[in-house]
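Every read-out reported here was derived from the displayed coordinates using simple, explicitly stated rules and does not represent laboratory data. Here the structure is a predicted model, which is why all the values come from computation and not from measurement. All Cβ positions, even for glycine, are placed from backbone atoms using ideal geometry, and neighbour counts span all protein chains on display.
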Amino acid sequence: MTTITDPHRAEGFRVSQLINDTRYRSYTFQFIALVCLFLAFGWLINNAINNPVLQEVGIDFGYLQAPAGYDINQQPIPYTSQDTHLRASIIGAINTLIVAFLSIVTATIFGVIAGVLRLSNNWIISKLMAVYVEIFRNIPVLIWIIIIFTVAANTFPPISEFRLPRDGSDPDRTLLLGMFAATNQGVFIPRLTFGGMGWIIAATFIASVAGVFGWRAYARKELYEKGRELPVLLPALGILFLPVIVVNLVLGGPMGLENPEMGRFRFEGGFLLRPSLIALWFALSIYTGAFIAENVRAGILAISKGQTEAAAALGLRPGRIMSLVVLPQALRVIIPPLISQYLNITKNTSLAIAVGYMDLTGTLGGITLNQTGRALECIMLLMLFYLTFSLAISAIMNVYNRSVMLKER
Amino acid sequence: MSDAHAHSVAFVRKSEIPPAPPPAAETGAWKWMRENLFSGPFNTIMTVVGVLIVFWLLSGLIPWIVNGTWEGADIRECREITAGTTGGCFAVIAERWPQLLYGFQYPDYLRWRPSLAFALLFVAVPPALFIMFLPRWTLIATAVYPFIAYWLIWGGTILTPVVAALGVVFAYTVFHRVERYGFVPGLAAGFATAFLTWWVGGTIADEFRTFAALEAVESRAMGGFMLNMILGIICVSLSIPIGILLALGRQSRLPIVKGFCVVFIEFVRGVPLITLLFVANVVLAYFLPPESNLDLIVRVVIMITMFSSAYIAEVIRGGLAALPKGQYEAGDSLGLDYAQSMRLIILPQALKISIPGIVNVAVGLFKDTTLVSVISMFDLVGMIRGPILSSTDWVGVYWELWAFACVLFFVVCYGISQYSQWLERQLRTDHR
């Protein structure tokens, strides 16, 4: 690509240089590319402007302020069908984030366990994990979502079996541990309740988390400066939970669990996980967990045995070898694909529409789109949401990658 | 001394004792079990748990398969046959397999055509997959296949695929001739030839619609697993070349080209496929001339190809970045221009590195073709959820149908990933 230029031959500019001279050729190409790009976009936009349907309705985001008129079955913030499409969309977005967050947590747990166990010396366990990974990786996630939804909605017992019969005999089924009930309407679980002083407990907890980080930093400083080794795990657990428990007792126990109770016809209290949420959550976790397992395995295998042996030769204990030598290096390999798996989970939550979970695709891209007919606007907003989220995560990931990158030359 | 000693003791062994067999605990199955299953208390617990899990899975699965029935015209007859056992009702697959494989609109007397196209796939694909063992001329089968398959599946006059093929052939010939004056003029001339051929040929093919014609089938009639295969194969084969171009564009030193590629790739990778399918379904029509009237299947192919080419571009970019800088400089120092050094030096190596990634994208894409069921196309998932499960004959037969779908997808995807691992071993040129 580099050119051989001869400074002594001063010649005038010839048109043929635009093609033959690499100094100018790039300008020619870029100009052509720009013209083609403009033509293509111009053609598309021109078509849109001349489209009879679009000419009639125009592009207008005013519909977002109109009442939505449909109900949403999972409402993290209060909502009635009289609220606007905008509020419905916001609820959808929150639901997307809820299921994405839940799935990310459980997928990581599944993935790390499966990835580590697949490297286990135990033949039967490693083979079981290999079967798990291969089966779940090679079958579409949509099929898993639908299968789990079918299980949750069809094989769990109906609520009526939990009902107290009139003659005072025992019901067919009772709550597991008095707390959990799996029914075909969903799974009922206890709800964490905060009384009037709940915010004090929340504040205490946040302060405790900060305290844990502080203790860790202090322990490390002591170790590096004075060579004194302080325990970390137990004090950290203490700092995390003791203040909350103490504050809760002092305030007279405003925090508690509210168990679901069988009323006359249905459960009252507690929290309902609908089959659609369960299907989406569980399917995404177990499917993505299989991919994460492979990333974890690759990350651990990428650390050469010499590293472990060198650390052992220096006299480190096995736990320290793992935390100081192997993990920091393995994480460098594991984290980038892990983040992209998290992004995949977030994008795959849009499959919610297949089981009727009201996420952003179900509200804005589903019912709102169908009711208002504003396809272009709805899909633009939908894409914008996912795009913003993905790009934000990518940006964070790039910062992280730069910070852990091997410093070479 | 040894002589004297020999006379003084009663017995001296003259031959070597044969080696004793190792202790029973150190050989064979026993040793293997001790090392792999019961090497410690924790490991023993894990083994017991593992055996329980396997037992639980098999005790559910085996009676379901063994006691299952393949006969019966509807769910009631089927349940009568399997009465009292936990057997599956596989009769639904026996009765509905044409719908599951071809969709419910493809004319049943024409099903031999997609079947033949599928069978020919096994002739057309091996030359490309096992290129190192087969002579190069067999690639002709691969090159001709798309046109034959199109003709078989969609029908219509044979002139359409012939014209399309001729366009490609002419374009390549012209490109080959003109290339010595430069890569770009060659490319331009090639494209011009192709479009000219298609235009002229298209006019002729329109005139002779009945010439050697198979009965035409509309795109709308495609369904079942056939639709997944069609979408998967078309989109993968289209998105690899586009992905290569995008990756090269992203590496390019021309800011406008680079900017366009970056924006395109990041945009497509940032949104879920479903939103792109929504675009195909409802929005794309706004941006095309009203008279164009593109098939839904074509619009879906466009969007899925866009989607997967962005992912393939990122994989190939990884391959390009992994090449040492010396390879690029070697190309320059040999006096090769950009097109030559890319084709002869950079891409062969970069593509080799990216094979596993490309296969991953291809498998992911094939799985993602099931998403078209969300925009009410009747692929395998759409067929099961829609016409079959909602029919009164087979209401409630979930497990058998979904197991069938799982098996189909698993066989294809697992096969592809095994092939890619094999290919990786074949292409490994370093000495380990």
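Sort B:Tyr286, A:Tyr400 by Cβ crowding within 10 Å, fewest neighbours at the top.
With the sparsest Cβ surroundings first, the list reads A:Tyr400, B:Tyr286.
Whole angstrom only: what separates the Cα centroid of segment B:351-378 from the Cα centroid of segment A:70-108?
A separation of 29 Å, based on Cα centres.
Please compute one quarter of the surface area of the Cα convex hull for segment B:144-197 and express it in square nanometres.
Working: hull surface 14.9 nm².
For segment B:144-197, averaging the hull's shadow over all directions gives 3.7 nm².
Which of A:Asn47, A:Trp199, A:Phe241 sits closest to the plus end of the dipole of chain A, meaning its Cα is farthest towards the positive end, when Lys and Arg get +1 and Asp and Glu get -1 on the C-beta?
Of the options given, the answer is A:Phe241.
Place a +1 charge on the Cβ of each Lys and Arg in chain B and a -1 charge on the Cβ of each Asp and Glu, then give the dipole magnitude about the Cα centre in debye, rounded to the nearest 20. Before the final figure, lay out the partial values.
Working: 28 positive and 28 negative charges, 227 e Å.
Charge dipole, chain B, about its Cα centre: 1080 debye, nearest 20.
What helices does chain A hold that run 15 Å or longer along their axis, going by alpha-carbon atoms, with a Kyte-Doolittle average of -0.5 or more, using DSSP H for the helix calls?
Helices meeting the span and hydropathy rule in chain A are A:22-50, A:85-118, A:123-137, A:141-154, A:198-226, A:233-250, A:275-301, A:327-348, A:375-404.
Label 7 Å along Cα→Cβ of B:Glu266; segment A:387-406 residues with amide nitrogen under 13 Å?
It comes to A:387-399, nothing else.
What does the charge dipole of segment A:303-409 about its Cα centre add up to, to the nearest 20 debye, if the Cβ of each Lys and Arg holds +1 and the Cβ of each Asp and Glu holds -1? Don't jump to the answer; show the numbers that get you there.
Numbers: 9 positive and 4 negative charges, 102 e Å.
Roughly 500 debye, rounded to the nearest 20.
Among B:Val361, B:Pro114, B:Tyr338, whose Cα sits farthest toward the positive end of the charge dipole of the protein assembly as shown (+1 at Cβ of Lys/Arg, -1 at Cβ of Asp/Glu, about the Cα centre)?
In the protein assembly as shown, that residue is B:Tyr338.
Could you give the C-alpha radius of gyration of the protein assembly as shown expressed as a fraction of 2.2 N^0.38 Å, taking N as the number of residues it contains? Could you put the intermediate results ahead of the total?
Details: Rg = 32.7 Å, N = 841, 2.2 N^0.38 = 28.4 Å.
Expressed relative to 2.2 N^0.38 Å, the Cα Rg reads 1.15.
With a 10 Å radius around each residue's Cβ, average the other Cβ atoms per peptide and rank A:38-46, B:413-421, highest first.
On the way: A:38-46: 11.2, B:413-421: 15.6.
For the peptides A:38-46, B:413-421, the packing ranking is B:413-421, A:38-46.
Mind scanning B:Lys325/B:Lys367; A:Lys127/A:Lys305; A:Lys305/B:Lys367; B:Lys258/B:Lys352 and naming the pairs with a C-alpha gap bigger than 29 Å?
Working: B:Lys325/B:Lys367 36 Å; A:Lys127/A:Lys305 23 Å; A:Lys305/B:Lys367 37 Å; B:Lys258/B:Lys352 23 Å.
Exceeds cut-off: B:Lys325/B:Lys367; A:Lys305/B:Lys367.
Answer with one residue from B:Val178, A:Ile278, B:Leu61: the one whose Cα lies farthest towards the positive end of the charge dipole of the protein assembly as shown, charges on Cβ with Lys, Arg +1 and Asp, Glu -1.
It is B:Val178.
With a 10 Å radius around each residue's Cβ, average the other Cβ atoms per peptide and rank A:316-322, A:296-302, highest first.
On the way: A:316-322: 13.0, A:296-302: 17.7.
Result, highest mean Cβ count within 10 Å first: A:296-302, A:316-322.
Can you give the average number of partner chain beta-carbon atoms within 10 Å of each beta-carbon in peptide B:48-56, as a whole number? Could you put the intermediate results ahead of the total?
Values: counts 1, 4, 10, 2, 0, 3, 4, 0, 0.
For this peptide, the per-residue mean of nearby foreign Cβ atoms is 3.
Considering every residue in B:279-292, what mean count of other chain Cβ atoms within 10 Å of its Cβ is obtained?
Values: counts 6, 0, 2, 7, 8, 1, 6, 10, 10, 5, 5, 5, 0, 1.
The shielding value for this peptide is 5.
With a cut-off of 18 Å, note down the residues of segment B:296-312 whose backbone N falls inside the zone around a label point 7 Å from the Cα of A:Cys36 toward its beta carbon.
Answer for segment B:296-312: B:306, B:309-310.
Dipole magnitude of segment B:121-236 about its Cα centre, charges +1 at Lys/Arg Cβ and -1 at Asp/Glu Cβ only, in debye to the nearest 20? Provide the component values of the computation, followed by the final result.
Working: 5 positive and 5 negative charges, 67 e Å.
Computed charge dipole of segment B:121-236: roughly 320 debye.
Could you grab the relative contact order for chain B? Cα pairs under 8 Å, six or more apart, rounded to a whole percent.
Working: 446 pairs, mean separation 66.3, N = 432.
Value for chain B: 15 percent.
Can you compute the helix-only [θ] at 222 nm over chain A? Use -39500 (n - 2.57) per DSSP H run of at least 4 residues, normalise by all residues, nearest 500 deg cm²/dmol. Walk me through the intermediate numbers first.
Details: 13 runs with 241 residues, N = 409.
-20000 deg cm²/dmol, from helical runs alone.
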